[in-house]
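What follows is a short report on a single structure.
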Amino acid sequence: MTYTNKNLLKPKSLKFSKVASLINLIVHGQGIFVFDVKDITQKCVFKIHNNNESNGLKVILTPSSIEVIKKPENKPLIDIKSRGLLDKKGVYYWISIDSQNRKLYAGIGEARMENVIYRYYFEITEENKQFLENLTHITISKKSAINPIRLIRDPVTMNVPMRIKDTDELTMTDIASNNYLPTAYLSPVSRKLYDCIAGKNFILNTKDFADFSDAIEYSIKTPGLWCYERLKQKSTEFNPDKPNLLETYLRITLGQNNGESPGIPYVMEIWPPHHYSPIHNHGGASAVIRVLHGKINVNLYPFLCDEKDTINPFGVEIFNKDEITWISQTLNQVHKLENTDDNKTCITIQCYMYENEDNVHYDYFDYIDDDGHKQQYEPDSDMDFIAFKETIKEEWSKVPESIKCENLKK
């Protein structure tokens, strides 16, 4: 789901008149304004200014460039490497104002450094700082093709780490190098999810079934057993007319859907070697993902593009056993997961929940099918975790010891 107007701009920050809409910045002189463009052939202009509009910035977007003009001097703030608007379905844009560091950024898709297409650094002077700090409003003419989506309080300043690290493991070097996201930076909802699945006892192979992961591997490889047969049944899940066994994974759910998540909030996902998901988003929900077994490759995309193979990932990371990543309403929303290992299955625990202020509860993950069309997927369950564990245990109990030993050697 691309961002919509339904719940993203707070009503008090958007005022309408016959000629323009007025948006109040959450903090003077800083923040991110997210928007889309109704028609890139139309006039794409908005202003960021002080209370009486005597000073400010005029932003002009075209298919070839982003132009920013400083008022009242009419001074162009030029980035010769800037890129312009994209003629792509699903695309949206943003501009970041950072008075403390005297920087302007603009970008495509998720508001982050990897997606910047325009940058301007003001000279580090007190005058420039005051100029930016006095910016309080965004004005959009009714004639403009700009469609406001969201305000974010803090500006884009640095890359955002994908890996989470708990307080007890975090070092001063970790903070200084910006290699990990401290758990303290997670939203309250994400922190709740993290606390439920990050513990040392949240593991696959327990005393009552020490061979659980091996038994899952065997069930995947053996015709007639549950995992093998279920994966085969799911080969048309994302593309009904084009069966694709590799575009399948198993969803084993823990607990019930209490109306606070897209589907059941806790899902153990099983990824055989070379299996992958389509490119998809997460309905605006927050999430944490922990690897329980093997490793998973995560490709991040700036937005969900309704066209096949036209947008490249801006980030690719491999997560190993016990590493944890995260998804927020505005970051890491669009990804593709893939087990690139030749032999070993990957098993993850995915945890989803809507933020407290989300009163829309979009119940689907949108994904791109093999023809490049956006489709809706309602998160489902292949089996309850308790029933699944008993099923796999029963299968494993019937496997001769000689085959078990041979399976463990592989």
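The values are calculated or read from the model by the stated rules, or taken from the named source; none is laboratory data. The model shown is predicted, which means the values in this text are computed figures rather than measured ones. In this analysis, Cβ positions are derived from the backbone assuming ideal geometry, glycine residues included, and neighbour counts consider all displayed protein chains.
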Being surrounded by 11 or more Cβ atoms within 10 Å (Cβ to Cβ) and of a type in the set (Gly, Ala, Ser) is the filter here; which residues of the range 184-209 pass it?
SER187, SER190, ALA198
Checking GLU406 against (1) in a helix (DSSP H, G or I); (2) surrounded by 12 or more Cβ atoms within 10 Å (Cβ to Cβ), which test does it fail?
(2)
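This table checks each residue for (1) in contact (Cβ under 8 Å) with a residue 12 or more places away in the chain; (2) in a loop (DSSP other than H, G, I, E, B).
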{"site": "ILE32", "(1), (2)": "yes, no"}
{"site": "SER54", "(1), (2)": "yes, yes"}
{"site": "ILE80", "(1), (2)": "no, yes"}
{"site": "GLN100", "(1), (2)": "yes, yes"}
{"site": "TYR105", "(1), (2)": "yes, no"}
Assigned by TED's automatic domain parsing to the domain that holds LYS295 and touching a Phe, Trp or Tyr at 6+ places or on another chain (Cβ under 8 Å): is that true of LEU245 in this structure?
no
Of the conditions (1) crowded, with 19+ Cβ neighbours inside 10 Å; (2) touching a Pro at 6+ places or on another chain (Cβ under 7 Å), ILE48 satisfies every one except a single condition; which number is it?
(2)
Tally the residues that are under 23 Å from ALA198 (Cα atoms) and touching a Gly at 6+ places or on another chain (Cβ under 8 Å), restricting the search to the range 299-317.
2
Expected single match for of a type outside the set (Ser, Thr, Tyr), under 30 Å from LYS165 (Cβ atoms) and at pLDDT below 95 among PRO262, PRO240, PRO273 is PRO262
Please work out if GLU110 is under 30 Å from LYS308 (Cβ atoms), surrounded by fewer than 17 Cβ atoms within 10 Å (Cβ to Cβ), under 22 Å from the mean Cα position of the chain (by Cα) and modelled with pLDDT of 95 or more.
no
Can you spot a residue in the range 89-97 that is touching a residue at least 60 places away in the same chain (Cβ under 8 Å), in contact with a Lys or Arg (Cβ under 7 Å, 6 or more places away or on another chain) and crowded, with 18+ Cβ neighbours inside 10 Å?
no
Return the residue satisfying two criteria in turn: it lies in the range 276-297 and is under 21 Å from GLY90 (Cα atoms) and aliphatic (A, V, I, L, M), and of such residues it is surrounded by the fewest Cβ atoms within 10 Å (Cβ to Cβ).
ILE279
Taking into account only those residues within the range 137-177 that are buried (at least 18 other Cβ atoms within 10 Å of the Cβ) and either part of a loop (DSSP other than H, G, I, E, B) or free of Cβ contacts under 8 Å to residues at least 60 places away in the same chain (or both), which is farthest from the chain's Cα centre (by Cα)?
SER144
Complete set of residues in the range 191-235 that are part of a loop (DSSP other than H, G, I, E, B) and in contact with a strand residue (DSSP E or B) (Cβ under 8 Å, 6 or more places away or on another chain)
ALA198, PHE202, ILE203, LEU204
Wholly within the range 293-400, strands (runs of 3 or more DSSP E) carrying at least 3 residues that are without any contact (Cβ under 8 Å) to a residue 40 or more places away in the chain:
315-320
Out of (1) more than 18 Å from ARG153 (Cα to Cα); (2) surrounded by fewer than 17 Cβ atoms within 10 Å (Cβ to Cβ), the one ASN101 does not meet is (1)
